[in-house]
Structures are given as structure tokens and as C-alpha cells.
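Taken together, the values in this text are just the output of simple stated rules run on the coordinates, not laboratory data. Because the structure is predicted, anything quoted here is derived from the model rather than measured. Positions of Cβ are backbone-derived with ideal geometry, glycine not excepted, and every protein chain shown enters the neighbour counts.
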Amino acid sequence: MLVGVSEIASACAIGSKGLRRSRGSRCSKGSSVTVLVDSITRRRFVWLAALAGGSLALGGCAADGADGSGAESSSGTMFDEPGKTGGEGAGGGQNPEDAAAAARAAVDERIGAMTLEQKVAQLFIVTPEALVEGVSQVTQAGEATHEGVTTHPVGGIVYFAQNLLDPEQTTAMLANVKQFYADDGNAAPFIAVDEEGGTVVRIADNEAFGVQDVGDASALGSAGDTEAAKRAAEQIADYLAPLGFNLDFAPVADVVNPLRSDTMGLRSFSSDASVAADMVRAEVEGFRGKKMLCCAKHFPGIGAAAGDSHEGAITIDSTNEELETVDLVPFRAAIEAEVPMIMVGHVSLPNIVGDSTPAPLSSAVVQGMLRDSLGYTGIIVTDSLSMGAITDYYTPAEAAVAALKAGCDIPLMPERFDEAYQGVLNAVQAGELTEERIDESLIRILTAKQEYFGL
């Protein structure tokens, strides 16, 4: 997901309450924009202790009173602990049946208290910039962010390298976001990141965090060591959790075809379906053991597709039989390992669907293959709806509504969130989507939140 997202170094905050110009920041010629610096108090965060006994060498924390962009903070809330990452709300010492009943009761109570607007917002995972008008880089969470999540209490926020400067800044920002949700009485958000290892990382390629990159999936797959794959997932979880993340969009479950794929060679474990399946199962087990939500991607497999869905449409001509014996094998393994989330990639399957509809917008793929055939009952998320394979053919509202109609639970990162949100709301109000259909997705989303980190 989103390998091609631009990691911009500066951005805008024009005339917004609670925003001020970052000291030393400059905009391009002809622009009056600056890096967003929401007002919060910073303090020294010693997170090394949280990883004591691990194999990670950490460093690069900012000095007291300085944010990652070089500007001093002026006011706000101080947080002494990283965000909750596991255990709460999972049932404690209850037997499994009682714990499940209690969790479902908590979920039903939460849904019953939500307005339609809150329900629709809860379906989306967006970037922090989508919640703050006129800003292209968010590095803190203050008044503007609080206003954004109060107006639209989205189900989650996904962060990229441009948002993550150092451990102290990241921990404070994510803790603030979680506190805003708690203060407003909303369900805790997914705090997500793409941290696969190797070519797709947001933390491990930043020296300020001082963590060891676990390397590309292809190297793990070539070694054939499932224990190493499990340890890699555990290692990633061990450095993400203290920062405040609770969802990692990993592992990649695509079976690569090196003769066709332009993008998945290093990110995929193997061209051998059974090897890829063993590795995916191991990583899911590793993440789950650390109470880190994970997401197998990109269903039903994009490893045999030429091109890059970030740029435009991609297609595979596989038959049902070919998918069953190759591409679906790692996803079956992920499901057996109880993966909590599966991402559907923007690939067209004309021999399966009968036309060029991207997989996340096709009920034949989402409902027919993933739900009915594979029996998956967890959360289904689209790949980013801001990618060319979607934006070239659909408006934000059309894509989000179509994804929900197809059976997806979470429209991820629509090109323009406000339009996508309003489109879904309008579809429910017009009867194109029912509120009961929205509730079905909310049950899956909130049940996972309850299990992993509490509502």
C-alpha cells in the first residue's frame, strides 16, 4: 500500500486557530504555507526502558521543549506513557465464552449510542492531513487535530514518514490523538502505519528512531525460516507499540511472479505459494502474540500483475483454479492464523468478475471469494482509495460507496475524505446503503478494537 506516497518535507497551515509558523521552516516560491505545529507541551520521553531486553538499539530523541521541526512548543497536555497497546478489554481472566459475550455487549452498547454521522465516520481510516483543512504535513496533534477528530471521529488514522520525526515527537502526537478520542467519549482509534520491513518502512529507515530494519520479505522467504519471520513481526511490534501504534498494514501475502510483477519482488516472501503461506502464517502469529493488529495484503493477490496500482489500473488473467492453487494459498494461511484484517488490492480480474471492476469494489471478489468461499469473518479494508487505479475512474464518493456495497468494512484513505464521507452518508439517507449494513461493518471494527486495546 502507498509505496508511492510523496514524503514532503514542508507544508501548510494557513490562518488556522491554534497553528503557528514553525521556526526555520520555508515554503516553495510563491507559497505562504508552513509545517503544521499544533500546540502541545513536549517532555523528555525515555522509551528505551519499554524495549529493555529486546534486540533494538534506540536513540535520536529530541531535546526537552523542542518539536521535531525545530520549533518550541507553547502549551498543551503532557503525556507520561505511550498509548495503550494491548490487553485492556480483552476479557481479562474470564473464560472465552463470557469474554466474547461481554465484548459483544460492549460493542452493541457503543453502536446503539452512536449517531449515523458517527457510524459513517467510524468506517474510515485516513491520513492526519485529511482531518486538518489546508495542511499537507501534520507532525503534532493539537487544537486543529482535536477539532478534526471531534467533527469526524474516524475509525483510524494512518501515518507516513513525513509525520514521524523522532520517538518523542511521535509518541506525544499519537498519545494526544488517543486522548482526544477519549475526551470526546469516542471509540479508541486505529493508529496505523505501513511497516513491512525492507523497502516499505516508515520508522526503520529513520535514524532518529534507532531501530533495526528486519529486511525485505523476499530475504526471509529465501531463507525459509518461519521462526525468523515470526521474530521479524515481533520485532516490528516491539518498536511500534511503545510509540503508540496499534495496527500495522503487514504482512504482504502476495505470491510474486517475477516475470510479470514490477513492484512486489522484494515485498513478497516467495514465488512459491506454500513458502509464502508458511511465512505469512508465522508473521501473523508473531503480531498477534504481541497484541499488534496486523493486515494481510493484497487480496486476492497482486503478485502476478504488471504495473503499479498507484499509477493506474492493473489486471491479472488468472482463472478461479489458478487463484485457488497459487494466490489464495497465503491468504488461507493468514485466515487460519486468525488474521484480524485483510486488505483487498486494486487488481481487476476479468476472468473472475467478468469486467474490469477493481477487486475492492467487486462483490464477486469481496463477498463471493473472501467471505463466502474462504469463510473470512474479520475486517476487510480496501487498499488506498487515493491510488490511480481508483481515482482515474471513480469519484471519492463513488469509490467509498461501491466498496461498502461490495462488502468491505473500511474505505481506506479516499482521495478527498470529506466527499467520500458525505457520499456514504447520502447513500444511507437515500436507502442506497442501509444503516444495518453500516452496523455490520461496525460490529467487526469495534470487536477487533475491543479485543486488542479496548473500546
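Of all residues in region 267-307, how many are outside any helix (DSSP H, G or I) and buried (at least 24 other Cβ atoms within 10 Å of the Cβ)? Spell out how you get there, then give the answer.
Going through region 267-307, the residues outside any helix (DSSP H, G or I) turn out to be 267-272, 290-307.
Still in the list and also buried (at least 24 other Cβ atoms within 10 Å of the Cβ): 267-269, 292-305.
Counting residues in region 267-307 that are outside any helix (DSSP H, G or I) and buried (at least 24 other Cβ atoms within 10 Å of the Cβ) gives 17.
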### Task
With the condition kept exactly as written, say whether any residue in region 200-220 is part of a loop (DSSP other than H, G, I, E, B), out of contact with any strand residue (DSSP E or B) (no Cβ under 7 Å at 6 or more places or on another chain), surrounded by fewer than 24 Cβ atoms within 10 Å (Cβ to Cβ) and on the phi > 0 side of the Ramachandran plot.
yes
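Being in contact with a Gly (Cβ under 8 Å, 6 or more places away or on another chain), part of a strand (DSSP E or B), surrounded by 18 or more Cβ atoms within 10 Å (Cβ to Cβ) and of a type in the set (Gly, Ala, Ser) narrows it down to one residue among Ala192, Ala229, Ala188; which is it?
Ala192
For region 266-302, which residues satisfy the criterion of being among the acidic types (Asp, Glu) and either closer than 19 Å to Tyr239 by Cβ or free of Cβ contacts under 8 Å to residues at least 12 places away in the same chain (or both)? Spell out how you get there, then give the answer.
In the first step, residues of region 266-302 are kept if they are among the acidic types (Asp, Glu); the result is 272, 278, 283, 285.
Across region 266-302, the qualifying residues are Glu283, Glu285.
Please state which one of Ile443, Ile438, Ile410 is surrounded by fewer than 17 Cβ atoms within 10 Å (Cβ to Cβ) and in contact (Cβ under 8 Å) with a residue 40 or more places away in the chain.
Working: Ile438 fails: surrounded by fewer than 17 Cβ atoms within 10 Å (Cβ to Cβ); Ile410 fails: surrounded by fewer than 17 Cβ atoms within 10 Å (Cβ to Cβ).
None of the others qualify; the one that does is Ile443.
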### Task
Could you please give the count of residues in region 146-175 that are more than 27 Å from Asp238 (Cβ to Cβ) and polar (S, T, N, Q)?
2
### Lone qualifier among Ala144, Ala172, Ala182 - being part of a helix (DSSP H, G or I) and surrounded by fewer than 21 Cβ atoms within 10 Å (Cβ to Cβ)
Ala182
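Taking the conditions exactly as written (in contact with an Asp or Glu (Cβ under 7 Å, 6 or more places away or on another chain) and more than 16 Å from Pro330 (Cα to Cα)), does Leu266 satisfy them or not?
Criteria met by Leu266.
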#### Entry: Residue identified as of a type outside the set (Ser, Thr, Tyr) and under 17 Å from the mean Cα position of the chain (by Cα) among Ala172, Ala208, Ala192, Ala182
Ala192
#### Entry: Test for Glu432: is it more than 16 Å from Met341 (Cα to Cα) and free of Cβ contacts under 8 Å to residues at least 40 places away in the same chain
yes
#### Entry: Where Leu240 falls short, out of the listed (1) surrounded by 23 or more Cβ atoms within 10 Å (Cβ to Cβ); (2) in a loop (DSSP other than H, G, I, E, B); (3) not small (Gly, Ala, Ser)
(2)
### Query
When you scan region 360-407, how many residues do you find that are among the charged types (D, E, K, R) and closer than 21 Å to Val329 by Cβ?
3
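May I ask you to verify whether Pro251 is closer than 19 Å to Met279 by Cβ, under 19 Å from the mean Cα position of the chain (by Cα) and either crowded, with 24+ Cβ neighbours inside 10 Å or not basic (Lys, Arg) (or both)? Step through it out loud before you land on a result.
Numbers: closer than 19 Å to Met279 by Cβ: yes; under 19 Å from the mean Cα position of the chain (by Cα): yes; either crowded, with 24+ Cβ neighbours inside 10 Å or not basic (Lys, Arg) (or both): yes.
It is true that Pro251 is closer than 19 Å to Met279 by Cβ, under 19 Å from the mean Cα position of the chain (by Cα) and either crowded, with 24+ Cβ neighbours inside 10 Å or not basic (Lys, Arg) (or both).
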